[in-house]
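Enquirer: First the structure, then my questions, so here it is.
The values are calculated or read from the model by the stated rules, or taken from the named source; none is laboratory data. If you're wondering where the values come from, they're calculated on a predicted model, not measured in any experiment. Note that each Cβ is placed from the backbone with ideal geometry, even for glycine, and that neighbours are counted across all protein chains shown. Heavy atoms of the whole protein, side chains included, go into the accessibility calculation; ligands, DNA and RNA do not. Shrake-Rupley method; radii C 1.70, N 1.55, O 1.52, S 1.80 Å.
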Amino acid sequence: MSAEFPTALILILGALAVPFLRGRVRAAWMLALPVIAFAHLLSMPVGEHAHAGFLGETLVLMRVDRLSLVFGYIFTLATLLNVIYSLHEDDPYQQVSALAYAGSALGAVFAGDLITLFIFWELTAVTSVVLIWARRTERARRAAMRYLLVQLASGMLLLAGAVVHYQATGSIRFDLLGLATPGGWLILAAFGIKCAFPLLHNWLQDAYPEATVTGSVWLSAFTTKLAVYALARGYAGTEMLIWVGALMTAFPIFYAVIENDLRRVLAYSLNNQLGFMVVGVGIGTELAIDGTVAHAFSHILYKALLFMSMGAVLLRAGTVNGSQLGGLYKSMPWTTGFCIVGAASISAFPLFSGFISKALILTAAADGGYVITWLVLLFASAGVFHHSGIKIPYFAFFGHDSGIRCAEAPRNMLLAMGLTAALCIGIGVYPDALYALLPYPVAFVPYTGAHVVTQLQLLLFSALAFSVLMRTGIYPPELRAVNLDSDWSYRKLAPALIGAAGSAIAASRLAVTEAGLRLATPLVRAVRDLHANGGPLARTQSTGAMALWISALLALYLVMYYV
């Protein structure tokens, strides 16, 4: 296949054939598409390919360099794993949208200009929302509409920023953008929405838990990591992002600890992990960018593994509420084991993938002298061990025995989870394979005595704290409740305030109208009396009288004029 053919079209166009295939032929076709796309990337020479003209500008549909390639590799690999995980479903509606969604994300990664980026950016929104709608519940429908509005708003900001940036610079190239122009700020806002910056994050926790069993796994892989790639491409070294990322790592911990829905816990955890990547982008050194890319690569795998395990629980047990689960290790031992691998990976245990990627960002923060940020990241590392490393497997598979007895996950799900778990362990054991793919040469050695001992101390003391809190009853219990986040301000508070303001305006208008009527009634009555039969103005007047009135009025006018 020619290098002039965009890799994204392999998945997007291939998805269109899915509804016309059946059974094993369809499964084989869906499995073949990401394999073909991956092979196409391996054969792709570094450089710019697949150019197209647009309004006198040259669009670069394929810009191949080390940064885009590593995201291309993990996106195609995630597509393959997600296809395997979804094989038990016979739903072309989801399958077409999922493959097109993955292809759109791949197209955005290789976009060399802002217009091509915008096109694929919006395609990811339109195709991914189907994975939420497909659950076919009222909650999912409402969440999908909110998700779509937010994602399309991100696209509109990106387009507006591209136009303003072009007017200021005369270029639509998608390279380092910075904040020197208003367009740069608009584009950063667009990326920030998709990356779930603080106060812009609620669409993630709102939508992902309402998606289908397999849909949440697809969603966890592409949208936010595409935003991380865009930030690394356009805003590396923007120091403001260090503080944004540090805040992102910290605040979701408190929500995740008290959340009952375990898929929503994972959504908050996703937000937390994105913060590490944003910090790396903000630091902007070669080591920090390598850490961001490596952590995005690892995160896609271990977060997918955790969502896969919770999807299997939802499929078999019918719920993912921690208050209703427990004891599932008896019925789902393989899923339990794979979930523990994902939990160890996200917690950055040595010999698991999270350890070798998170260490790069922590080291970059320490080397750059960002002491406060480094301390916040350590706190966040302990927090993620609490809510994802311990809480997810403990309340789902151990804890109190809920009495639920169900079948193990389908074989295709177990195969996908097994392959993903193997990758999480393989990357952790042999990190050089991942380090070789990163944008810059890596001379970092993660397995030193200091790194391993420091991380183990952090994890062991965090585990001890969890145990003490559980034994003393201080740890927040799993309650069937709705936790309020900042989206309450515009989903509940703002409509209530607008409604109250509307009622006040209506009451004021009614009061003014009634007062006006009370004042006008005597005047109307007087005018009516003047013109009624027998009234002064209804009488027939003589010509002399009329001339007298006109003369009087004219005299009055002249007096007023000269005065």
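Enquirer: Give me the percent of the accessible area of the range 68-148 that comes from carbon and sulfur atoms, probe 1.4 Å, all protein chains in place.
Expert: That share works out to 65 percent.
Enquirer: Specify the inter-centroid distance of the range 137-165 and the range 51-90, based on alpha-carbon positions, in whole Å.
Expert: 21
Enquirer: Provide Rg and Dmax in Å for the range 170-280, with only Cα atoms included in the calculation.
Expert: That works out to 14.6, 51 Å for Rg and Dmax.
Enquirer: While we're here: Quick check on my link table: of K194/K358; K391/K492; K303/K492; K225/K358; K303/K391, which ones sit more than 20 Å apart, alpha carbon to alpha carbon?
Expert: Table pairs above 20 Å Cα-Cα are K194/K358; K391/K492; K303/K492.
Enquirer: If you split all Cα-Cα distances of the range 106-192 into 5 Å bins from zero, what percentages do you get per bin, shortest first?
Expert: All Cα pairs considered, the percentages come to 3, 16, 23, 20, 14, 10, 7, 4, 2, 0.
Enquirer: Here is a follow-up. What number comes out for the charge environment of W121, summing +1 per Lys or Arg and -1 per Asp or Glu over other residues with Cβ under 14 Å away?
Expert: Net charge around W121: +1.
Enquirer: Continuing with this model, one more query. In whole percent, and with a 1.4 Å probe on the protein chains, what portion of the accessible area of the range 383-501 is carbon and sulfur?
Expert: Solvent-exposed carbon and sulfur of the range 383-501 make up 70 percent of the total.
Enquirer: If each DSSP helix of 4+ residues adds -39,500 (n - 2.57) and the sum is divided by the residues in the chain, what number results at 222 nm, nearest 500 deg cm²/dmol?
Expert: -23000 deg cm²/dmol
Enquirer: Here's a follow-up. Compute the long axis of helix 411-429 from its Cα atoms, compare it with the longest principal axis of the Cα atoms of the chain, and write down the angle in degrees, 0 to 90, nearest 10.
Expert: Once rounded, one gets 70 degrees.
Enquirer: Also, I was wondering about something else. Could you pull out the longest piece of the chain with no exposed loop GluC sites (Glu not before Pro) in it, calling a site exposed if DSSP puts it outside H, G, I, E, B and it has at most 14 other Cβ atoms within 10 Å?
Expert: Formally, the longest exposed-site-free interval is 240-563.
Enquirer: Can you pull a Stokes-Einstein diffusion coefficient for the range 396-441 at 10 °C (1.306 mPa s), Rh from Kirkwood over Cα pairs, as a whole number of µm²/s?
Expert: Translational diffusion coefficient: 115 µm²/s.
Enquirer: I've got another one for you. Within the set of other residues whose C-beta is less than 11 Å from the C-beta of T224, count the net charge using Lys and Arg as +1 and Asp and Glu as -1.
Expert: +3
Enquirer: Run the accessible area of the range 185-295 with a 1.4 Å probe and give the carbon-and-sulfur part as a rounded percent.
Expert: Answer for the range 185-295 is 71 percent, counting heavy atoms of protein chains only.
Enquirer: Now for a different question. For the chain, take the longest principal axis of its alpha carbons; what is the angle in degrees between that and the long axis of helix 138-169, to the nearest 10 within 0 to 90?
Expert: Once rounded, the angle reads 80 degrees.
Enquirer: I've got another one for you. Once the convex hull of the alpha carbons of the chain is built, what does its volume come to per residue, in cubic angstrom?
Expert: Cα convex hull per residue, to the nearest whole number: 279 Å³.
Enquirer: Starting from the coordinates of the alpha-carbon atoms of the range 323-441, obtain the Kirkwood hydrodynamic radius over all distinct pairs and give the value in Å to one decimal.
Expert: 15.9
Enquirer: Whole percent per 5 Å bin, from 0 to the bin with the longest distance: what is P(r) over all C-alpha pairs of the range 1-128?
Expert: So the P(r) values, bin by bin, are 2, 12, 22, 23, 18, 12, 7, 3, 1, 0.
Enquirer: Next up: Order R173, R139, most accessible first, counting only protein heavy atoms with a 1.4 angstrom probe.
Expert: R139, R173
Enquirer: I'd like the Karplus ³J(HN,Hα) series for the range 270-287: coefficients 6.51, -1.76, 1.60, θ = phi - 60°, whole numbers in Hz, and an x wherever there's a Gly or Pro.
Expert: Couplings: 4, 4, 4, 5, 4, x, 4, 5, 5, 4, x, 4, x, 4, x, 6, 4, 5 Hz.
Enquirer: Something else now. Relative to the longest principal Cα axis of the chain, at what angle does helix 92-109 sit, 0 to 90 degrees, rounded to 10?
Expert: The two axes meet at around 90 degrees.
Enquirer: Below 8 Å, C-alpha to C-alpha, sequence gap of six or more: please give me the relative contact order for the chain in percent.
Expert: 12
Enquirer: Given q = 0.26 Å⁻¹, what are the Debye log10 I(q)/I(0) values for the range 1-76, with equal point scatterers placed on the Cα positions and solvent ignored?
Expert: With no solvent term, the Cα-only Debye profile gives -1.18.
Enquirer: In Å², what does the accessible area per residue of the chain work out to with a 1.4 Å probe?
Expert: Result: 42 Å² per residue.
Enquirer: Okay, next question. Could you pull the Rg and Dmax for the range 354-415, using just the Cα atoms, both in Å?
Expert: Rg then Dmax for the range 354-415, in Å: 18.0, 53.
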